[in-house]
Amino acid sequence: MPPRPREPFIENVDILHGYFPLESAYVGEIPAVKATQRLKLHPKATFFIGENGTGKSTLLEAIAVADGFNAEGGTRNFNFATRASHSDLYKWIRLGRSMRGKRRKDGFFMRAESFYNVATEIEKLGVSGYGDYHNQSHGEAFLHLITDRLRGDGLYLFDEPEAALSPQRQLVFLAAMHFLIERESQFVIATHSPIIMAYPEATIYEFSSGGIRQVAYRDTEHFRVMHAFLSRTDQMLEELFKDE
């Protein structure tokens, strides 16, 4: 008898357009948001990719806030704000949670741009188990979080984790991510990194001016551009720098 498929914590994300008036009205007009009603999440890893400004981080943040996470990051027990910069798109978000999702043991929302603020709050509260983040580099602190603090059996939402990591450290991140997935975790990650989005068995959603579409890893622009650049570096640089 084949093994029973893993049940994700969050099975799908519904966007209820116009359900509430939004103070951040512009987010409802982002093409990726406007054209989407439901996204099905992979039980292991789902990636949001696309150019800057296409809404991937905005939607990830809305999912996090709708699930009870602090808008600047941390666990669902964190409740602080250094600057109210998040949109209220979360008012339109409804999460399709599984029965297992209501019993999860761990969770964390990480935004690259506000990770320092989370570290400051951890230090202020004297929360144990996180280490001394302010005496580490951004990348060291982030790797310490994923390798030593996160316990598994959790939902982890990461916004551009590669911002803190060298290519070699991104490989370390992938290994740590796999370790947690093997321990029944689910990831949703907004990223530009061809290394991170290479995780196998994942679902990749590409955000663009045309909306959101599911795409295979090797069909992503991120993979194709990086592969072409590494395969033909001199030719691409010559083409890039040539006179008009």
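If you go through the range 125-140 one residue at a time, do you hit one that is at pLDDT below 95 and under 16 Å from the mean Cα position of the chain (by Cα)? No. Applying the set (1) surrounded by 14 or more Cβ atoms within 10 Å (Cβ to Cβ); (2) out of contact with any Phe, Trp or Tyr (no Cβ under 7 Å at 6 or more places or on another chain); (3) farther than 30 Å from Glu7 by Cα to Leu237 leaves exactly one unmet item: (1).
For Thr147, the conditions (1) within 16 Å of the chain's Cα centre (by Cα); (2) in a helix (DSSP H, G or I); (3) hydroxyl-bearing (Ser, Thr, Tyr) all hold with the exception of (1). Taken over the range 25-58, the criterion of being of a type in the set (Gly, Ala, Ser), out of contact with any Gly (no Cβ under 9 Å at 6 or more places or on another chain) and not in a loop (DSSP other than H, G, I, E, B) is satisfied by Ala25, Ala45, Gly50, Ser57. Output the residue which, of all residues in the range 96-116 that are part of a strand (DSSP E or B) and crowded, with 16+ Cβ neighbours inside 10 Å, is modelled with the lowest pLDDT. My answer is Arg111. The set of residues from the range 199-230 being of a type in the set (A, V, I, L, M) and either more than 14 Å from the chain's Cα centre (by Cα) or assigned to a strand (DSSP E or B) (or both) comprises Ile204, Ile212, Val215, Ala216, Val225, Met226, Ala228, Leu230.
One line per residue, one yes/no per condition, for (1) under 20 Å from Leu145 (Cα atoms); (2) crowded, with 20+ Cβ neighbours inside 10 Å; (3) at pLDDT 95 or above:
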{"site": "Pro31", "(1), (2), (3)": "no, no, no"}
{"site": "Ala45", "(1), (2), (3)": "yes, yes, yes"}
{"site": "Asn52", "(1), (2), (3)": "no, no, no"}
{"site": "Gly55", "(1), (2), (3)": "no, yes, no"}
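Just one residue in the set Glu184, Glu239 is acidic (Asp, Glu), touching a residue at least 24 places away in the same chain (Cβ under 8 Å) and either out of contact with any His (no Cβ under 9 Å at 6 or more places or on another chain) or not in a helix (DSSP H, G or I) (or both); that residue is Glu184.
For the range 163-198, a tally of residues being of a type in the set (Asp, Glu) and either surrounded by 14 or more Cβ atoms within 10 Å (Cβ to Cβ) or under 16 Å from the mean Cα position of the chain (by Cα) (or both) returns 1.
The values are calculated or read from the model by the stated rules, or taken from the named source; none is laboratory data. Small disclaimer: the values here were computed from a predicted structure and weren't measured. Glycine gets a Cβ as well: all are built from the backbone with ideal geometry, and neighbour counts include every protein chain shown.
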